[in-house]
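The values are calculated or read from the model by the stated rules, or taken from the named source; none is laboratory data. As the structure is a computational prediction, the values presented were derived from the model and not from experiment. Ideal geometry is used to build each Cβ from the backbone, glycine not excepted, and the neighbour counts take in all protein chains shown.
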């Protein structure tokens, strides 16, 4: 039964086995390896002291310090990697330098016979010896599946915690405001519901989402933006999205997709088109250098780094450029480091790539180098 399910996922996930996983030729590109031999890295977050926190989907939070990878938290006995589930999102508290809070989202098995997956959000605290100490559960009981589970976690400029949760591959749940699947949730840092949420006594900030994979706040407008996977073969293909997330809005899944419109639903600000799949992941606003103000994200099936450039009023995207196409394989996430360089997680060990001997890796590349090689063209 499990084997049949994986065959089904391989046929119908929007990030599917139709990939051409040629890792390309990275010769001539000046990029360095920051960490290697990781297992399906998912989230990247820099601490104020320069350490890089990394989640690995089988159940480990690692840190990289002085180019050395060290395990920080082992949750492999709790988090369950089945299909695309496991240890996923992570965020550091805005006041991490003082309170040392780390927020982690993962999927676990509430029961194994039959298998019942559940998504959970927890908070840990780093003690004086830099060791993690469990603090509290913020969210629990959100039903999961082999795909479309816990997603990215991000603090907003309002000090609230935002957590994206997939529709667990049951599309109708995205329109059901009585469940938390297919939503972007907003909460206080202790897990309670803010008084000013758009729906009374509800965590829901926005709904109608299929599988949101990146959350980032625009540094000037303070608005939330998201990357999201479009439909799979069972309902078409392609049409991956970049959305401007406004409170209480309905983003349409599964009623509309791509450029379709319907009253009361939001059409994406930009999408990949009707024949192109990005399988977008991560998402980060550049705050220094020649790309200042651009929104960058990575692509799994797209096997590329993408740069979205904005209109003058910062509400529209005028173009999306593609970089590093098929150079390193499947790219999972990107963040700008304190040094201004981009740190990119490679995810060729996620079951759909062709890993190199040292995969999975975190590579470092400068924006100047990306400007030098320029965007890719079909």
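What the table below lists for this structure:
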| quantity | calculated |
| --- | --- |
| Search result, residues across the stretch 195-211 that are in a loop (DSSP other than H, G, I, E, B) and closer than 15 Å to residue 121 by Cβ | 203 |
| Where a residue in the stretch 71-97 is in contact (Cβ under 8 Å) with a residue 60 or more places away in the chain and at positive phi and its partner, wherever it lies, is assigned to a strand (DSSP E or B) and buried (at least 23 other Cβ atoms within 10 Å of the Cβ), with Cβ under 9 Å and at least six apart | none |
| Qualifying positions in the stretch 85-112 - within 15 Å of residue 57 (Cα to Cα) and part of a loop (DSSP other than H, G, I, E, B) | 85, 86 |
| Any chance residue 141 is within 19 Å of the chain's Cα centre (by Cα) and within 17 Å of residue 180 (Cα to Cα) | no |
| Filtered residues of the stretch 303-341 (kept if in a loop (DSSP other than H, G, I, E, B) and within 21 Å of the chain's Cα centre (by Cα)) | 303, 324, 325, 326, 327, 328, 329, 330, 337, 338, 340, 341 |
| Selection status of residue 48, farther than 22 Å from residue 151 by Cα, modelled with pLDDT of 95 or more and either touching a helix residue (DSSP H, G or I) at 6+ places or on another chain (Cβ under 6 Å) or surrounded by 19 or more Cβ atoms within 10 Å (Cβ to Cβ) (or both) | yes |
| All positions within the stretch 359-377 that are outside any loop (DSSP other than H, G, I, E, B) and in contact with a strand residue (DSSP E or B) (Cβ under 6 Å, 6 or more places away or on another chain) | 362, 363, 364, 365, 370, 376 |
| Hits in the stretch 342-357 (condition: touching a strand residue (DSSP E or B) at 6+ places or on another chain (Cβ under 7 Å) and either part of a loop (DSSP other than H, G, I, E, B) or more than 26 Å from residue 291 (Cβ to Cβ) (or both)) | 347 |
| Top-ranked residue in the stretch 258-281 [being more than 22 Å from residue 322 (Cα to Cα) and in contact with a strand residue (DSSP E or B) (Cβ under 7 Å, 6 or more places away or on another chain); ranked as surrounded by the most Cβ atoms within 10 Å (Cβ to Cβ)] | 266 |
| Selected residue (only one of 172, 164 is over 26 Å from residue 41 (Cα atoms) and either touching a residue at least 60 places away in the same chain (Cβ under 8 Å) or assigned to a strand (DSSP E or B) (or both)) | 172 |
| Residue in the stretch 179-193 that is under 21 Å from residue 334 (Cα atoms) and surrounded by 15 or more Cβ atoms within 10 Å (Cβ to Cβ) present | yes |
| Test result for residue 293, surrounded by fewer than 22 Cβ atoms within 10 Å (Cβ to Cβ), in contact with a helix residue (DSSP H, G or I) (Cβ under 6 Å, 6 or more places away or on another chain) and part of a loop (DSSP other than H, G, I, E, B) | no |
| Test: residue 38 is in contact (Cβ under 8 Å) with a residue 24 or more places away in the chain, within 20 Å of residue 342 (Cβ to Cβ) and part of a loop (DSSP other than H, G, I, E, B) | yes |
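Table: residues versus (1) touching a helix residue (DSSP H, G or I) at 6+ places or on another chain (Cβ under 7 Å); (2) surrounded by fewer than 20 Cβ atoms within 10 Å (Cβ to Cβ); (3) more than 18 Å from residue 89 (Cα to Cα); (4) in contact (Cβ under 8 Å) with a residue 60 or more places away in the chain.
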residue	(1), (2), (3), (4)
316	no, yes, yes, no
322	no, yes, yes, no
326	no, yes, yes, yes
338	no, yes, yes, yes
349	no, no, no, yes
353	no, no, yes, yes
